[in-house]
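Asker: Please read through the structure below; I'll follow up with questions.
The values are calculated or read from the model by the stated rules, or taken from the named source; none is laboratory data. Nothing here was measured: the structure is a model prediction, and the numbers come from that model. So basically every Cβ, Gly included, is an ideal-geometry build from the backbone, and we count neighbours across all protein chains shown. What goes into the accessible areas is simple: the full protein's heavy atoms, side chains included, and nothing from ligands, DNA or RNA. Shrake-Rupley method; radii C 1.70, N 1.55, O 1.52, S 1.80 Å.
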Amino acid sequence: MGSPVIAILGTGSYAPEKILTNDDLSKIVDTSDEWIFSRSGIRERRIAGENETTSQMAASAARAALADAGLTAADIDLIIVATMTPDLPMPATACFVQSHLGVPTHAACFDLNAACSGFLYALDTAWAMLGSGRYRHALVIGAEKMSSVLDWTDRTTCVLFGDGAGAVVLGPARGTAQMIGVKLYAEGAHAGLLCIPNGGSNPPVPANGTVLAPRAITMKGREIFKIAIREMEDAARDILEQHQVSAAQINCVIPHQANLRIIEVIAQYLELPMESFFVNLDRYGNTSAASIPLALDEARRSGRVKPGDTTLFVAFGAGLTYGSALVRW
Ligand code: ACO
């Protein structure tokens with residue numbers, strides 16, 4: 001017996017209520033709506049409540065995805081949460097999500113950190129596990145509380161990110177829908193360009209009682225900008241070539257929502273009109289691992305992704321990680 005054909009059966013998303021506009025930010029740091037919008041395409045982002053957790057946002061997105069798939073928590077036997085902002089260093093945020101949803105105890109639950117490419121890494125992992133025939137339905141979730149790892153005095157980073165969650169249910173294909181391919185990559189040599197330089201085991205917390213600065217993202221934005229374009233173009237070209245799909249056959253490209261200028265250059269390099277790209281970063285900023293599934297859910301609900309369509313996902317993130325995926329609906 002061959003591997004089961006696996007497809008995305010449902011999508012869901014969640015965005016916190018609080019909206020932080022560029023004008024709001026200009027009251028906190030030395031910036032302006034004009035600078036942020038012209039450099040990034042972002043107008044506003046959502047910010048989670050102080051006591052709102054990544055797992056709660058993930059569970060809200062997952063409930064919507066389950067409803068969309070016509071399934072319940074009892075059908076799920078695998079949860080993967082892609083996040084770089086877990087509720088706690090341990091246990092896994094996926095276990096909290098399991099508890100929030102009431103997913104049965106026989107489900108495998110774990111987190112995966114590939115920063116902004118995390119959703120594609122989780123999608124490929126879940127696809128492989130379901131393809132083995134040993135799991136039937138997976139929740140693949142990207143969820144981030146980026147506001148918890150930002151230095152709100154650093155205008156070069158705090159204006160770019162937002163909070164939110166997106167989820168898909170993966171399971172045995174129904175109709176024409178199916179996963180076509182995923183390609184994942186990493187360039188660890190560039191890890192230092194974008195990182196949270198403390199809060200992990202390296203460097204160890206000083207024994208002399210010195211207090212480390214709160215953990216926050218540091219980034220060499222200009223360098224990342226250039227590398228991200230090359231990586232996303234390569235990832236998109238590779239997967240199209242591998243599956244003999246032309247760019248013109250893609251109904252919708254859902255890119256990682258980091259910067260509109262990056263997306264515009266990729267559209268130009270792939271010789272695709274901007275109308276082929278689904279963009280919602282103006283309203284959410286960069287929500288890291290949540291970015292693609294959040295955009296995907298909006299694209300489906302707005303009719304931008306329809307049954308029979310072929311969709312290309314393409315992402316890059318800290319690591320530096322990057323990747324692409326082709327999905328038929
Ligand atoms: N408001 C006003 N001025 C600012 C701001 C701000 N928020 N931020 C920086 N500036 C200033 C800089 O200090 C600099 O001033 P200077 O020329 O006097 O030194 C000037 O604006 C230009 O700064 P640049 O960094 O050259 O601006 P650039 O056009 O490169 O845009 C940006 C910066 C938006 C960060 C861009 O480089 C970018 O998007 N890079 C990619 C970053 C990214 O996507 N990171 C997420 C990765 S995904 C993940 O895994 C988390």
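Asker: Just one of (1) at pLDDT 95 or above; (2) away from the ligand (no atom under 13 Å from the Cβ); (3) not charged (D, E, K, R) trips up H190, so point out which.
Answerer: (2)
Asker: Any idea how many residues of the stretch 82-122 are open to solvent by 30 Å² or more (accessible area, probe 1.4 Å), in contact (Cβ under 8 Å) with a residue 40 or more places away in the chain and within 20 Å of G188 (Cα to Cα)?
Answerer: Residues that pass the stated criteria total 2.
Asker: Another question, then. For the stretch 16-44, what are the residues that are of a type in the set (S, T, N, Q) and within 24 Å of V265 (Cβ to Cβ)?
Answerer: Correct list: N22, T31, S32, S38, S40.
Asker: Can you pull out every residue in the stretch 131-150 that is within 30 Å of L25 (Cα to Cα), out of contact with any strand residue (DSSP E or B) (no Cβ under 8 Å at 6 or more places or on another chain) and not hydrophobic (A, V, I, L, M, F, W, C)? Steps first, please.
Answerer: As a first pass, look at the stretch 131-150 and keep what is within 30 Å of L25 (Cα to Cα): 141-150.
Keeping just the survivors that are out of contact with any strand residue (DSSP E or B) (no Cβ under 8 Å at 6 or more places or on another chain) gives 145, 148-149.
If the condition is that a residue be within 30 Å of L25 (Cα to Cα), out of contact with any strand residue (DSSP E or B) (no Cβ under 8 Å at 6 or more places or on another chain) and not hydrophobic (A, V, I, L, M, F, W, C), then K145, S148 are the ones that fit.
Asker: Same structure again: Spot the failing condition for A318; the list is (1) away from the ligand (no atom under 16 Å from the Cβ); (2) open to solvent by 20 Å² or more (accessible area, probe 1.4 Å), and only one is missed.
Answerer: Condition (1) is where A318 drops out.
Conditions tested, residue by residue: (1) more than 22 Å from T157 (Cα to Cα); (2) in the same structural domain as K226 (by TED's automatic domain parsing); (3) of a type in the set (A, V, I, L, M).
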| position | (1), (2), (3) |
| --- | --- |
| G12 | yes, no, no |
| A15 | no, no, yes |
| K18 | no, no, no |
| D23 | no, no, no |
| K27 | no, no, no |
| D30 | no, no, no |
| D33 | no, no, no |
| F37 | no, no, no |
| I42 | no, no, yes |
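A quick yes/no check of all residues on (1) more than 19 Å from M179 (Cβ to Cβ); (2) in contact (Cβ under 8 Å) with a residue 60 or more places away in the chain; (3) of a type in the set (S, T, Y):
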{"position": "I227", "(1), (2), (3)": "yes, yes, no"}
{"position": "R230", "(1), (2), (3)": "yes, no, no"}
{"position": "N251", "(1), (2), (3)": "no, yes, no"}
{"position": "A267", "(1), (2), (3)": "yes, no, no"}
{"position": "A290", "(1), (2), (3)": "yes, yes, no"}
{"position": "L296", "(1), (2), (3)": "no, yes, no"}
{"position": "S302", "(1), (2), (3)": "yes, no, yes"}
{"position": "A325", "(1), (2), (3)": "no, yes, no"}
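Residues checked against (1) more than 20 Å from the chain's Cα centre (by Cα); (2) polar (S, T, N, Q); (3) open to solvent by 80 Å² or more (accessible area, probe 1.4 Å):
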residue	(1), (2), (3)
G221	no, no, no
I224	no, no, no
A228	no, no, no
A247	yes, no, no
I254	no, no, no
A258	no, no, no
R261	no, no, yes
I266	no, no, no
P273	yes, no, no
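Asker: For a quick check of your reading: which helices (runs of 4 or more DSSP H) sit entirely within the stretch 1-81 and have at least 3 residues that are in contact (Cβ under 8 Å) with a residue 60 or more places away in the chain and either open to solvent by less than 50 Å² (accessible area, probe 1.4 Å) or farther than 30 Å from L326 by Cβ (or both)?
Answerer: Passing ranges, in order: 33-40, 54-69.
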